[in-house]
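Colleague: I am attaching a structure below and will ask some questions about it afterwards.
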């Protein structure tokens with residue numbers, strides 16, 4: 001099968017297309033899926049660059065959509081079923097499954113979601129990681145209709161899904177984004193208000209008690225300055241939902257600071273704090289695709305590139321300014 005393999009970490013040149021990679025072995029409880037699409041996420045670019053440790057050689061990627069090629073009778077799936085999944089390959093440790101930059105992947109049946117007939121296989125592979133991340137981060141906050149939520153990076157992969165999910169849950173939603181995406185986040189995604197991070201300070205706008213938030217959803221680096229501003233706009237009874245990230249050697253999540261915030265809350269000081277590292281979950285993913293089918297969720301696709309151009313996809317994601325997702329189409 002065709003697959004993109006890295007034998008060492010480094011620049012874009014380490015992404016090598018191999019046309020005779022062995023088919024994956026299927027273990028008990030797994031289903032063999034023939035991929036139609038995958039996608040590139042920042043965590044994979046960080047891994048390729050050497051900022052996320054894993055064993056080599058490695059096929060990167062965790063997102064997939066495709067059709068079942070082989071399944072045991074008790075798996076709940078049949079040959080030809082349209083499916084999607086997030087696999088552990090998005091952030092591989094030693095011994096974890098191969099990633100999804102490949103024509104075939106062996107997937108745990110519990111990670112698979114059956115797709116409604118109206119969902120296009122050629123782009124559905126862009127949703128699993130960002131959709132599950134946004135959903136799980138929001139659920140950590142135990143949202144209640146009518147509450148106020150602030151979403152950072154609202155035009156990005158996770159952020160643009162989080163805005164739509166928040167609205168579907170009945171939350172008053174404010175999105176922080178750049179000037180080119182303000183109208184889109186408000187008019188297309190449905191945000192109630194938007195903040196231009198290049199010309200407006202969210203702390204100045206929302207620190208008064210009547211404007212503070214019940215939930216802040218944040219996938220950016222929790223530097224001391226940013227954290228102080230976030231706490232100034234978050235109700236004392238609110239929830240800070242931090243999405244763990246690995247942006248590079250000088251950025252990403254400060255786990256020590258987050259754990260100190262959790263300890264302070266446990267001692268009766270400050271808001272509750274969660275740290276989300278997305279977990280594959282087929283049932284949750286099925287719910288997200290049902291929302292897509294119902295018109296309550298859309299995936300914004302910035303680019304669709306063939307697997308052979310995965311280096312271009314990584315280059316785009318590394319700009320940090322992609323609206324939505326970069327999807328990879330897999331050769332059939």
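Colleague: Across segment 168-182, what is the number of residues that are in contact (Cβ under 8 Å) with a residue 40 or more places away in the chain and more than 16 Å from residue 322 (Cα to Cα)?
Modeller: Matching residues across segment 168-182 total 2.
Colleague: Mind listing whichever residues of segment 142-151 are surrounded by fewer than 24 Cβ atoms within 10 Å (Cβ to Cβ) and within 21 Å of residue 278 (Cβ to Cβ)?
Modeller: Matches in segment 142-151: 142, 143.
Colleague: Okay, next question. Identify, by number, the condition in (1) out of contact with any helix residue (DSSP H, G or I) (no Cβ under 7 Å at 6 or more places or on another chain); (2) surrounded by fewer than 24 Cβ atoms within 10 Å (Cβ to Cβ); (3) closer than 20 Å to residue 299 by Cβ that residue 83 doesn't meet.
Modeller: (2)
Colleague: How about segment 288-308: which of its residues are crowded, with 17+ Cβ neighbours inside 10 Å and in a helix (DSSP H, G or I)?
Modeller: Within segment 288-308, 288, 289, 291, 292, 307 qualify.
Colleague: Every residue in segment 108-125 that is closer than 21 Å to residue 307 by Cα, touching a strand residue (DSSP E or B) at 6+ places or on another chain (Cβ under 8 Å) and assigned to a loop (DSSP other than H, G, I, E, B), please.
Modeller: From segment 108-125, those closer than 21 Å to residue 307 by Cα are 119-125; that's our starting set.
Subset that is touching a strand residue (DSSP E or B) at 6+ places or on another chain (Cβ under 8 Å): 119, 121-125.
Answer for segment 108-125, where residues must be closer than 21 Å to residue 307 by Cα, touching a strand residue (DSSP E or B) at 6+ places or on another chain (Cβ under 8 Å) and assigned to a loop (DSSP other than H, G, I, E, B): 119, 125.
Colleague: If you don't mind, there's one more thing I want to ask. Which numbered condition in (1) at pLDDT 85 or above; (2) more than 13 Å from residue 219 (Cα to Cα); (3) surrounded by fewer than 17 Cβ atoms within 10 Å (Cβ to Cβ) is the only one that residue 277 fails?
Modeller: Here residue 277 clears every test but (2).
Colleague: I've got another one for you. Failed condition for residue 257, given (1) in contact with a helix residue (DSSP H, G or I) (Cβ under 7 Å, 6 or more places away or on another chain); (2) free of Cβ contacts under 8 Å to residues at least 60 places away in the same chain; (3) more than 23 Å from residue 124 (Cβ to Cβ); (4) outside any helix (DSSP H, G or I), with all others met?
Modeller: Just one mismatch for residue 257, condition (4).
Colleague: Look through 141, 162 and report the one residue that is touching a residue at least 60 places away in the same chain (Cβ under 8 Å) and not assigned by TED's automatic domain parsing to the domain that holds residue 322.
Modeller: One residue alone meets the criteria, 141.
Colleague: Can you pull out every residue in segment 170-198 that is surrounded by fewer than 23 Cβ atoms within 10 Å (Cβ to Cβ), out of contact with any helix residue (DSSP H, G or I) (no Cβ under 7 Å at 6 or more places or on another chain) and in a loop (DSSP other than H, G, I, E, B)?
Modeller: 170, 178, 188, 192, 197
Colleague: Still on this structure: Sort out which residues of segment 218-241 are more than 23 Å from the chain's Cα centre (by Cα) and either in a helix (DSSP H, G or I) or loosely packed, with under 15 Cβ neighbours inside 10 Å (or both), and write them in order of number.
Modeller: 224, 225, 228, 229, 231, 232, 233, 236, 237
Colleague: Within segment 38-57, track down each residue that is within 18 Å of residue 13 (Cβ to Cβ) and touching a helix residue (DSSP H, G or I) at 6+ places or on another chain (Cβ under 8 Å).
Modeller: Residues satisfying the conditions are 40, 44, 45, 48.
The values are calculated or read from the model by the stated rules, or taken from the named source; none is laboratory data. Values in this document were obtained by computation on a predicted structure and should not be read as measured data. Note: ideal-geometry Cβ built from the backbone for every residue, glycine included; neighbour counts use all protein chains shown.
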